[in-house]
Amino acid sequence: MAVIFDRRLHSPSNKGDRSPHLLEWHSSQPLLAVASKDEAKDSHGAVHIHTEHGDLVKDAQIQRPTPVECLTWHPERPILAVGWRSGEITIFSLSEHDLFQQSNVHKKPLVFLVWNTTGRRLISGDKGGVMAVWSVNEEGQPHPTPLHHYRMRAPLTHCVLHVQRSESVLETYSWQGRNSSTADLFNAFFCTSNGVLHYLQEGGEHVERGKLEGKPLFLCLHPTWPTLAVVTNEMMLTQYSINSLGETSVLMNAKLSGRQKLTCLDWTYEKVLGSCAGEEVVRLWDFDRGENYTLGISTGSEIVTCFSYNSNTSTLAAGTSGGGVVMWSWNPPPTTKKRGSGDTGTHHDSLSDYWELTATTKLPGPLVQLKWDSNKGVLGANCGKEMRILTMQTTKVHYGQEVSAVQVAPAQLLVECHNTGLLHSISTDIPIRGAWVTKEHVAVWSGKKLMVFSFSQDKQQTRVVGLFNYGPMRKAVYMCAWCLMCRFRVICHQDYCCSHPRHERPHCRKEWHSDPHFPRNSKTSALRWRTRGAFHCIDCVRTLPSSWY
């Protein structure tokens with residue numbers, strides 16, 4: 001099992017009646033954009049930018065007297081495009097701190113903003129049926145007038161970029177580079193509320209590609225396979241295959257089941273489509289194997305409200321109406337093949353057996369939105385009234401001198417003395433990123449602080465003996481060794497001396513022999529510790545074998 005750490009985002013979005021309602025990670029940089037709105041008046045809107053650790057980026061906020069409807073990051077640069085209910089488009093460059101706005105085309109609320117793969121084109125659409133394609137320079141400034149302007153017969157609902165993956169297109173792009181016309185491609189699928197699927201071609205023309213049964217609720221293009229999935233308000237799922245010219249053919253039509261309307265739809269691993277619709281499960285359709293199955297959350301009366309899949313770690317995270325977050329990891333055996341292929345390897349009764357439950361946690365309030373930062377493995381969670389950032393790590397354990405330590409919570413350890421059978425539960429003030437034990441001490445560190453506890457082998461007694469701030473992790477290990485090795489003599493005048501007695505280096509710096517109350521004076525900065533044996537300075541400890549840290 002893994003442990004989940006969560007950190008609340010402290011930003012102006014959480015003050016007063018404001019609450020976050022949209023979040024968006026940058027695809028290549030550790031940046032998170034959070035949009036908030038005034039719940040009382042439903043008028044004021046703001047966007048703030050945070051780092052992957054949740055820290056607020058200074059001088060990086062946008063405010064308007066109207067709510068945010070959509071936002072999207074530039075595929076490469078720290079440039080954020082925001083669409084407002086008034087129809088205004090703002091483009092903010094974080095590196096240059098420039099803000100560009102465009103308000104002469106859209107007069108209705110924006111419903112989508114889509115960059116092309118190079119960030120030189122931006123597609124915008126609103127509820128009035130107006131769509132435009134903009135030319136944007138490297139600084140994020142759009143051209144005053146759009147390259148193409150369209151007025152559809154019905155309001156727009158969704159738009160997804162179609163990256164042509166034919167060998168000829170990729171080869172041309174690779175040889176001609178970003179300055180060629182291939183860098184300006186903006187092929188995309190988009191839908192209107194009357195149930196028509198359109199395709200926007202590279203020349204600017206758009207053609208009809210399909211007729212849907214009802215108003216589109218979700219439009220999902222597979223990131224690697226030429227497959228498009230559309231779900232309407234009539235709970236009809238249509239799967240299309242796509243050729244290199246953007247032409248579609250229907251592969252499947254199916255009626256979905258669910259107690260309520262669909263709240264989330266997205267692709268997971270391979271050709272597996274996931275959804276949640278007011279049930280206690282996440283439903284998965286494996287189109288490649290022709291099977292469907294569910295992943296249950298086992299949390300009583302709570303239902304799944306949203307989910308997100310991280311393709312880099314093959315991790316699926318689901319949020320519930322009670323604030324629960326459940327994570328599964330897809331881990332099939334090497335012998336897994338398509339059913340009916342004649343494979344004689346081991347098969348489970350259901351494909352759900354290949355999903356391993358890895359971690360669970362509880363957050364305040366119902367989960368509204370989950371989204372992974374795939375590069376860093378960080379999960380953004382919208383809890384309705386506040387925003388959280390979640391990170392997952394393997395449970396930390398350590399064993400030494402007949403003592404073992406096991407992490408059972410983000411800030412809790414269980415320490416067992418195997419000689420006496422005594423069990424200590426130690427709660428810390430810092431999140432535990434690592435642990436180290438000896439016969440009578442345990443040290444834990446968080447990445448910024450180090451805490452050292454002492455415990456008894458024969459009675460329930462623990463206490464804090466040290467709390468330190470440090471920078472690099474390597475120094476933390478040095479300090480950890482210094483705090484835990486209690487048989488040494490002071491050999492140098494460094495503030496942080498550490499080594500193991502078995503590591504001898506006779507040509508070390510000056511040497512002092514200390515008694516249990518070694519004085520701190522003008523000649524040395526040695527710390528006062530009860531010590532016996534040999535002790536070396538931090539310069540010596542750099543040559544310690546890696547087994548010690």
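The values are calculated or read from the model by the stated rules, or taken from the named source; none is laboratory data. The model shown is predicted, which means the values in this text are computed figures rather than measured ones. We place every Cβ from the backbone using ideal geometry, glycine too, and count neighbours over all the protein chains shown. All accessible areas refer to the heavy atoms of the entire protein, side chains included, with ligands and DNA or RNA removed. Shrake-Rupley method; radii C 1.70, N 1.55, O 1.52, S 1.80 Å.
Can you check what the net charge comes to around ASP184, using other residues whose Cβ is under 9 Å from the Cβ of ASP184 (Lys, Arg +1; Asp, Glu -1)?
Values: positive: ARG120, ARG121; negative: GLU202.
Surrounding charge for ASP184 is +1.
Using alpha carbon centroids, what distance separates the stretch 233-297 and the stretch 399-425, in Å?
46
Given H placed 1.01 Å from N in the peptide plane, which residues other than close sequence neighbours of PHE218 have an amide H under 5 Å from its amide H?
Sorted by chain and number, the residues that satisfy this are VAL231.
In whole Å, how far is the Cα centre of the stretch 26-91 from that of the stretch 115-129?
What the calculation gives is 16 Å, centre to centre.
Nearest 20 debye, what's the magnitude of the dipole of the stretch 233-281 about its Cα centre given +1 on Lys and Arg Cβ and -1 on Asp and Glu Cβ?
On the way: 4 positive and 6 negative charges, 25 e Å.
With Lys and Arg at +1 and Asp and Glu at -1, about 120 debye.
How large is the dipole of the stretch 224-319 about the Cα centre if only Lys and Arg carry +1 and Asp and Glu carry -1, each at its Cβ, rounded to the nearest 20 debye?
Values: 6 positive and 10 negative charges, 27 e Å.
Computed charge dipole of the stretch 224-319: roughly 140 debye.
Classify the stretch 1-148 as rounded, prolate or oblate from the Cα gyration tensor: take a ≥ b ≥ c as the square roots of its eigenvalues, call it rounded if a/c is under 1.5, otherwise prolate when a/b beats b/c and oblate if not.
oblate
Just read off the accessible area of ARG289 with the full protein assembly in place, 1.4 Å probe, to the nearest 10 Å².
So the heavy atoms of ARG289 present about 40 Å² to solvent.
Summing Lys, Arg as +1 and Asp, Glu as -1, what charge do residues with Cβ under 9 Å from the Cβ of MET235 carry, MET235 excluded?
On the way: positive: LYS255, LYS261; negative: GLU234.
So the surrounding residues net to +1.
Dividing the alpha-carbon radius of gyration of the stretch 197-318 by 2.2 N^0.38 Å (N being the number of residues), what value is obtained? All intermediate terms of the calculation are to be shown ahead of the outcome.
Details: Rg = 15.3 Å, N = 122, 2.2 N^0.38 = 13.7 Å.
The stretch 197-318 yields a ratio of 1.12.
Which FRET efficiency value, to the nearest 0.05, do you get for LYS362 and GLN201 by plugging their Cβ-Cβ distance into 1/(1 + (r/R0)^6) with R0 = 51 Å? Mind dumping the intermediate values first?
Numbers: r = 48 Å, r/R0 = 0.95.
With a Förster radius of 51 Å, E is 0.60.
For the stretch 289-297, what does the Karplus curve 6.51 cos²θ - 1.76 cosθ + 1.60, with θ = phi - 60°, yield as ³J(HN,Hα) per residue in whole Hz, taken in order and with x for Gly and Pro?
Karplus-based 3J(HN,Hα) across the stretch 289-297 equals 9, x, 10, 9, 7, 10, 10, x, 9 Hz.
Give me the one-decimal nm value for the distance between modelled label points at GLU440 and LEU147, 7 Å along each residue's Cα-to-Cβ direction.
7.3
Rounded to the nearest angstrom and ordered from largest down, what semi-axes does the equivalent ellipsoid of the stretch 378-440 get from its C-alpha gyration tensor (root of 5λ)?
Values: eigenvalues 194, 24, 13 Å².
Rounded to whole Å, the semi-axes are 31, 11, 8.
First select every other residue whose beta carbon is under 14 angstrom from the beta carbon of SER124; then total the charges, Lys and Arg +1, Asp and Glu -1. Walk me through the numbers on the way to the answer.
Values: positive: ARG85, LYS107, LYS108, ARG121, LYS127, ARG151; negative: GLU69, GLU88, ASP126.
Taking every other residue near SER124 into account, the sum is +3.
Label points 7 Å out from Cα along the Cβ direction at HIS222 and SER456: separation in nm?
6.4
My understanding is that a pair violates if its Cα-Cα distance is over 21 Å; which of LYS376/LYS448; LYS211/LYS255; LYS58/LYS449; LYS37/LYS215 do that in this structure? Display every interim value, and only then the final one.
On the way: LYS376/LYS448 19 Å; LYS211/LYS255 16 Å; LYS58/LYS449 24 Å; LYS37/LYS215 27 Å.
Violating the 21 Å Cα-Cα cut-off are LYS58/LYS449; LYS37/LYS215.
Among GLY290, ASN243, ALA277, which residue has its Cα positioned farthest towards the positive end of the charge dipole of the stretch 242-292, with +1 placed on the Cβ of Lys and Arg, -1 on the Cβ of Asp and Glu, and the dipole taken about the Cα centre?
ALA277
Report ³J(HN,Hα) in whole Hz for each residue of the stretch 368-378, in order, from the Karplus equation J = 6.51 cos²θ - 1.76 cosθ + 1.60 where θ = phi - 60°; Gly and Pro get x.
Each residue's phi maps through the Karplus curve to give 9, 8, 10, 8, 7, 8, 5, 5, 9, x, 9 Hz.
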